[in-house]
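The values are calculated or read from the model by the stated rules, or taken from the named source; none is laboratory data. Small disclaimer: the values here were computed from a predicted structure and weren't measured. Here Cβ is always computed from backbone atoms with ideal geometry, including for glycine, and neighbour counts include all displayed protein chains.
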Amino acid sequence: MSTAIKSTLDPSKKSMAAERFEEQLFERIVGQDQAVEKLARLYQIYLAGLYPPQRPIGNFLFLGPTGSGKTRTVEAACEILFGTANAVLKIDCAEYAHSHEISRLIGSPPGYLGHRETTPYLSQSNLERYRTPELDLTFVLFDEIEKASDTLWSLLLGILDKGRLTLGDNTEVDMTKTIIIMTGNIGAQGIEKLLDGGIGFAGSKIDVADDKFGQQVNATVIEAARRKFSPEFMNRIDSTVVFKNLTECHIRKILEIELTALQRRIMQSSGETKFSFEISNNAKEFLLHEGVDLKYGARHLKRAIERFLVYPMSNLISTGQIHYGDHLCIDFLDKDKGLEFLKEAPKLKVIGEALPL
Ligand SMILES: Nc1ncnc2c1ncn2[C@@H]1O[C@H](COP(=O)(O)OP(=O)(O)O)[C@@H](O)[C@H]1O
Ligand SMILES: [Mg+2]
C-alpha cells in the first residue's frame, strides 16, 4: 500500500436516485424485500456505469408462488423509472409455446408470406421506445418461462450470453442495454405440499412468515428449478430471487395500495366525473374475503376490486348518479347484497352567518 494520506470511504452509501428508486419500489411491492433490494442494487450499478460490456446490464430469475408479485415488481420498477408500466417489453412465454409463433417476436425470414407486415416485437425501435439519455435501458420480461418452447429457449440463451438477437430478416438487435427478468411459477406443487403440512410441519399450522418455512420454500423452489431448467440456463443467471408466500397482513397492505391506486385512477381518468370515495372496514373485509385465496396470493384481489368497485362505479357515473366533486361512501350490507354505495350530501358553503334551520 502507498504511504500517501488516506481517507475512509463509505461504499454502503447509495446515491439519491438509487435510494429514491428503492423507497418507491418498497411503497408498491409488499413483503418481497430481497427482490426490491436486488433491483435497487442493479440500478445503482447501472447508474455508476459498472455493468459488464457485451451482455445485458443484468438478469434475474424470479421464482415462487403465483400471485406473489413477480410480474408486478417489474411493472412497478418501470412505473417509477419511466412513468408507465408499458415501458417493459413483456413476453408471455405461453403465447410463444409453438415455434411458428416466434415470428411475432423476431419477424419472419425474407420471402415468407407476411414478412413485411409483421413488425417484430423485439425490434430495436420497440426496445428503445421509452429510453432517454438519462435512462438508456429497457426492462425485458420473459414471463412464465417454464412454458417456453425450445426455440424461445435458445433465443433467450443467446440474449443472456451475448446481449444480441438476430431477427428473422437477419438484422441484429442490440440487447446489451437491458435488464432481463425471467419469472417462473416453479415448485408450486412443492410449496403447496409444504403449506398443507406435508413436509416437516406435519400436524402443525403453517406460519408462512416463519423464517424456517421461508428457507424450506427457497430450497424446494431452487431444487425444482434445477430439475426443470438446463445447467446452461442456470449458469447464465446472475441472481435468483424466490418470492415469498404472502401473508394475510401483506394482502391487507396490498388492498390499501390498490384502493389508493383506484382513487388516483378516478382523479386522472379521461372522463369528466372525478369524485372521491371512502370505504368502511367491513367493506374491506368483504373485498379481502372475495379476492383472496392464499394459494393464489393477491391475484384475485384486483379482480374483486374491478367487479365490486370499478364496475358499479362506472354504472353510477354513466347513469348520472354521481357527479364531479361528489364523495362516495362504500359500506358492506350483507353477504347476499354485497356492498352499498352512498353519496354524501354536498356540504353547504356558508359565508357569513349560518343558515337558519
Ligand atoms: N408483493 C406484492 N406487492 C404488491 N402487490 C402485489 C404483490 N403480489 C401480488 N400483488 C398484486 O397481485 C397482482 C398479481 O401479482 P403478480 O405480480 O402478477 O403475481 P405473479 O407472482 O404470479 O407474477 C398484482 O398485479 C398486484 O396487484
Ligand atoms: Mg406473473
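What residue, among those in region 90-106 that are among the hydrophobic types (A, V, I, L, M, F, W, C) and away from ligand 2 (no atom under 15 Å from the Cβ), is surrounded by the fewest Cβ atoms within 10 Å (Cβ to Cβ)?
Step by step, filter region 90-106, then rank; the result is 97.
Could you please find all residues in region 231-263 being of a type in the set (Gly, Ala, Ser) and touching a residue at least 12 places away in the same chain (Cβ under 8 Å)? Before the answer, list the steps.
The first filter runs over region 231-263 and keeps only residues of a type in the set (Gly, Ala, Ser), leaving 239, 261.
The one that is of a type in the set (Gly, Ala, Ser) and touching a residue at least 12 places away in the same chain (Cβ under 8 Å): 239.
Of the numbered conditions (1) modelled with pLDDT under 80; (2) surrounded by 18 or more Cβ atoms within 10 Å (Cβ to Cβ); (3) more than 16 Å from ligand 2 (Cβ to nearest atom), residue 211 fails exactly one; give the number of that condition.
(2)
Pull up region 325-357, narrow it to residues that are part of a loop (DSSP other than H, G, I, E, B) and surrounded by 10 or more Cβ atoms within 10 Å (Cβ to Cβ), then point me to the one that is modelled with the lowest pLDDT.
Within region 325-357, the match that is modelled with the lowest pLDDT is 346.
Quick one: which residue in 58, 49 is more than 10 Å from ligand 1 (Cβ to nearest atom), under 24 Å from residue 144 (Cβ atoms) and in the same structural domain as residue 188 (by TED's automatic domain parsing)?
58 is the lone residue from the list that is more than 10 Å from ligand 1 (Cβ to nearest atom), under 24 Å from residue 144 (Cβ atoms) and in the same structural domain as residue 188 (by TED's automatic domain parsing).
Could you tell me whether residue 68 is away from ligand 2 (no atom under 16 Å from the Cβ), in a loop (DSSP other than H, G, I, E, B), surrounded by 20 or more Cβ atoms within 10 Å (Cβ to Cβ) and of a type in the set (Gly, Ala, Ser)? First the steps, then the outcome.
Values: away from ligand 2 (no atom under 16 Å from the Cβ): no; in a loop (DSSP other than H, G, I, E, B): yes; surrounded by 20 or more Cβ atoms within 10 Å (Cβ to Cβ): yes; of a type in the set (Gly, Ala, Ser): yes.
Criteria not met by residue 68.
Please go through region 239-256 and give me each residue that is in contact with a helix residue (DSSP H, G or I) (Cβ under 9 Å, 6 or more places away or on another chain) and either crowded, with 17+ Cβ neighbours inside 10 Å or under 12 Å from residue 63 (Cα atoms) (or both), ordered by number. Can you show your working first?
First pass over region 239-256, keeping only residues in contact with a helix residue (DSSP H, G or I) (Cβ under 9 Å, 6 or more places away or on another chain): 239-248, 251-252, 254-256.
Correct list: 239, 240, 241, 242, 243, 244, 245, 246, 251, 254, 255.
If I filter region 61-85 down to residues being within 25 Å of residue 218 (Cβ to Cβ) and either acidic (Asp, Glu) or in contact with an Asp or Glu (Cβ under 7 Å, 6 or more places away or on another chain) (or both), which single residue comes out as nearest to ligand 1 (Cβ to nearest atom)?
Ranking the qualifying residues of region 61-85, first place goes to 71.
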